[in-house]
Structures are given as C-alpha cells and as structure tokens.
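Okay, so here's the structure we're looking at.
Readers should treat all values here as calculations from the given coordinates under stated rules, not as data from a laboratory. Since we're looking at a predicted model, the values are computed, not measured. Cβ sites come from the backbone with ideal geometry, for glycine too, and all protein chains shown count toward neighbours.
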Amino acid sequence: MGRLVIRPHIFEGEVGPDKSVLQVLLDLHVPQHFSCRRGLCGQDLIRVLSGWEHLNPIGEVEAGTLTLLLAWGKSMRMACCTRVVGSGEVVVEIVK
C-alpha cells in the first residue's frame, strides 16, 4: 500500500492500488469535474509533483487524451486512471 498526498491540503494517507485518485476525491466529497472514468473525457487532469515511479503505467486511452490536451510529457495524468501501485509516496495536485 502506498501513500497519496493530494494538494493543496485535500488528502494525505494510505491508499491501495484498487482506488484511483478520482475515487479518493469523490470519497472525500471534493468537487471534481469528471465524466467517463476511463481517461477519455479529459476533465480530471492532475499534475504529479513526485512519486511518478509509484504509479500504474499510462494506458493507451489516457495517453491519447493527454496528447490531445497537450499535457503529454508534462507530469500530467488523468485522476480516474491514476493509482498508487508502489509502496512509496505520491504527491499530486488538481489542475484547474
């Protein structure tokens, strides 16, 4: 189980690989735009500040969306597709 920090001051705690960053936000009732939950809509963009090596790999659909949003290669992910799979700490922030 890894540690997830969502900035600014939204969440800090342990999460399993079965829970996406989006699901953590929804569980906390944090307002977050989303639609498809598959990485296609592009509404739930987050920036990974540290711990990239503890995240699941980017899938084909998410990669396509990041490319369309001009976010590929800029430490960005879709919250619905992002899961902490390592035992380290991941720090992210919501992109408005």
Under a point spin-label approximation (7 Å from Cα along Cα-to-Cβ), what is the residue 70-residue 53 distance to one decimal in nm?
3.2 nm
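Can you give the calculated 222 nm mean residue ellipticity of the chain, where each DSSP H run of n ≥ 4 adds -39,500 (n - 2.57) and the sum is split over every residue, rounded to the nearest 500 deg cm²/dmol?
Numbers: 2 runs with 16 residues, N = 96.
That calculation yields -4500 deg cm²/dmol at 222 nm.
In the chain, what percentage of the DSSP-assigned beta bridges are antiparallel, given to the nearest 5?
On the way: 14 of 19 bridges.
Roughly 75 percent of the beta bridges in the chain run antiparallel, per DSSP.
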Of 84, 61, 15, which has the largest mean-square fluctuation in a 10 Å C-alpha GNM of the chain?
61
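By the scheme Lys and Arg +1, Asp and Glu -1, what is the net charge of all other residues having a beta-carbon under 9 Å from that of residue 51? Please list the in-between numbers first.
Details: positive: 3; negative: 53, 89.
Combined, the nearby Lys, Arg, Asp and Glu give -1.
Determine the relative contact order of segment 2-94: mean sequence separation of Cα pairs under 8 Å and six or more apart, normalised by residue count, in whole percent.
Numbers: 181 pairs, mean separation 41.3, N = 93.
Value for segment 2-94: 44 percent.
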Note, segment 46-51: 3J(HN,Hα) by Karplus (6.51, -1.76, 1.60, θ = phi - 60°), whole Hz, Gly/Pro = x, goes 10, 10, 8, 8, 6, x
Report the paramagnetic label zone for residue 61: residues of segment 15-38 whose backbone N is under 20 Å from a point 7 Å from Cα along the Cα-to-Cβ axis.
17-27, 32-38
In whole angstrom, the spacing between the Cα centers of segment 1-56 and segment 72-96 equals 6 Å
Candidates for Cα extents along the principal axes in Å are [x] 31, 27, 22; [y] 60, 36, 21; [z] 37, 23, 21, and the calculated one carries label [x]
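Any number yet on Rg/Rh for segment 9-50, C-alpha, Kirkwood?
We get a ratio of 0.94 for segment 9-50.
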What cysteines in the chain have no other cysteine with a beta carbon less than 4.7 Å from their beta carbon?
80, 81
